[in-house]
Amino acid sequence: MSTDNQSKQALSDQLEALIKEAEKINRGIEEDGSQATKEVDALVADIQETIGRIKQTCADIDNSEQEANDNIDRSILEEAEFMDNNE
Amino acid sequence: MFDSSQRLDRGDDPDRLQNSDARHESGDDSREKGEDMSEEMLILSSKNRSIFKRLTDRAKKTARNIIRSVKDKIPGKADVCAKAQIVTNELYTHRHERIQLHWGKEVEAIQMQIDALQASAKSIQGQIDDFRKRKIPGVDDMILSKRTIEMQIHNLETQKDKYQSKYEAEQDKMIIGANERNRIASEVIRRCKDKMEPFERDLETLEKRKKSVDLAGEKLEAKHAERKKDLDDLEERKTALENALMMGNKSREEVKRNPSVKAIEKMIASGHKEMQKQKADLLRLRNEIDSQIAEVGAQAAPTRDKLFRYSRIKEEAPITNENVKDRNRKVHNLPPLPIRPRIG
């Protein structure tokens, strides 16, 4: 009877040990996830900032070009007006 | 009046057309007001349309012809420099035709009068010489007539000079216009050159960061593989303990109801579930990043082409027009001309 109890206790202890081990593994999984999230979040922030700069450059170039186009169009109109005034 | 596909077929610049469409849709629509909505008008900015509207009908016609002519000559991917060059050539052609017409009607008529008067003067001089040789009186009257003709020639020459000055003033104006268009194109080139390096660096950074995100995903997957091995090992040891409990006369159901066994099973399931969640979250994030990068990449591609195209142009001579020179003066040797004040 005593051996039985001892045997049951040993199994119970082993189960408790497994619980602790499972807790440790799960904590590890959470830490892995948290570390990856932290790493990726920093990268995402950097990516967003870079994307913002690229979009701004695209807009700046488009605006420069549009502005130049408009100025050239205006020079046509000025020219037409000049020709008309000097007829 | 026309749609984008039709315009694209004719090799129009999609950006420019997009802008004209945007202007069209942004409450800048003049159709409702019954105003000129010709194709030439649609490509103009609202400010330029205002200038166009206040031109005389004759000036409008000239402007429309030039704009149409420039538009027909612009290739599919024309840049500002090409446009500036084409506009310079077109304006030169228009002005040159106009000047030729002017000379044809006015100066040539004057020249014909001068030629006729010079012939008369020559004839009178012949008569004067003949009368003098033969000692016939009346030479003084002939000299007076000749002087009158010479005065007329002088007056006509003066009038011709006025036309010449006008012609030269127009040529000067042409040079100023070409300088101005050079300046406009150079400004775009300068801005592009300034942006080129940081833009390329940003695109490279984006690629590097994307790779880093992929690497972070791979690292997490490797860690998950280790954790999964640990959980599988735990599962095996739990099964071994369950078997040991069953050997102690406990039924499978009784073993499964054991609180410790239940707790272990719950934790193993929770570990797997957490890894799946992390994997799914990372995948979703990577997809979002990929899609954002693809979107900005598509937007950046034409800008990159423009930057390369403009950066290759030598800034000192973006536009040259061999035709812009005077027949009588070396106006192309004039010092850089000041930029004239704008209309409006």
Would you mind counting up the charge near residue B:195? Only other residues with Cβ under 14 Å from its Cβ, with Lys and Arg at +1 and Asp and Glu at -1.
0
Using a Förster distance of 56 Å, how high is the FRET efficiency between residue B:98 and residue B:201, based on the Cβ-Cβ distance and rounded to 0.05?
0.65
Take peptides A:45-53, B:42-50 and line them up by average Cβ neighbours within 10 Å, highest first, as a rough protection proxy.
B:42-50, A:45-53
Calculate, for residue B:115 and residue B:142, the FRET efficiency according to 1/(1 + (r/R0)^6) with r their C-beta to C-beta distance and R0 25 Å; round to the nearest 0.05.
0.75
Any idea which of A:68, A:19, A:50 is furthest toward the positive side of the dipole for chain A, if Lys and Arg beta-carbons carry +1 and Asp and Glu beta-carbons -1?
A:19
Computed over chain A: longest principal axis from alpha-carbon atoms vs helix A:2-85 long axis, angle to nearest 10 degrees, is 0 degrees
Under a crude label model (7 Å from the Cα following the beta-carbon direction), how far is residue B:211 from residue B:265 in nanometres?
4.8 nm
What are the ³J(HN,Hα) values, in whole Hz, obtained from phi via the Karplus relation 6.51 cos²θ - 1.76 cosθ + 1.60 with θ = phi - 60°, for each residue of region B:157-165 in sequence order, with x given for Gly and Pro?
4, 4, 4, 5, 4, 4, 5, 4, 4
Students sometimes get this wrong: rank B:224, B:94, B:154 by accessible area, probe 1.4 Å, all chains present, largest first.
B:154, B:94, B:224
Using a Förster distance of 45 angstrom, determine the FRET efficiency expected from the C-beta separation of residue A:27 and residue A:55, and round it to 0.05.
0.65
Of the listed links B:173/B:195; B:71/B:193; A:8/B:238; B:105/B:173, those spanning more than 24 angstrom between alpha carbons are B:173/B:195; B:71/B:193
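The values are calculated or read from the model by the stated rules, or taken from the named source; none is laboratory data. Bear in mind that the values here come from a model prediction, so they are computed numbers and not experimental data. Positions of Cβ are generated from backbone atoms using ideal geometry, with glycine treated the same way; all protein chains shown enter the neighbour counts. For accessibility, only protein heavy atoms count, side chains too; no ligands or nucleic acids. Shrake-Rupley method; radii C 1.70, N 1.55, O 1.52, S 1.80 Å.
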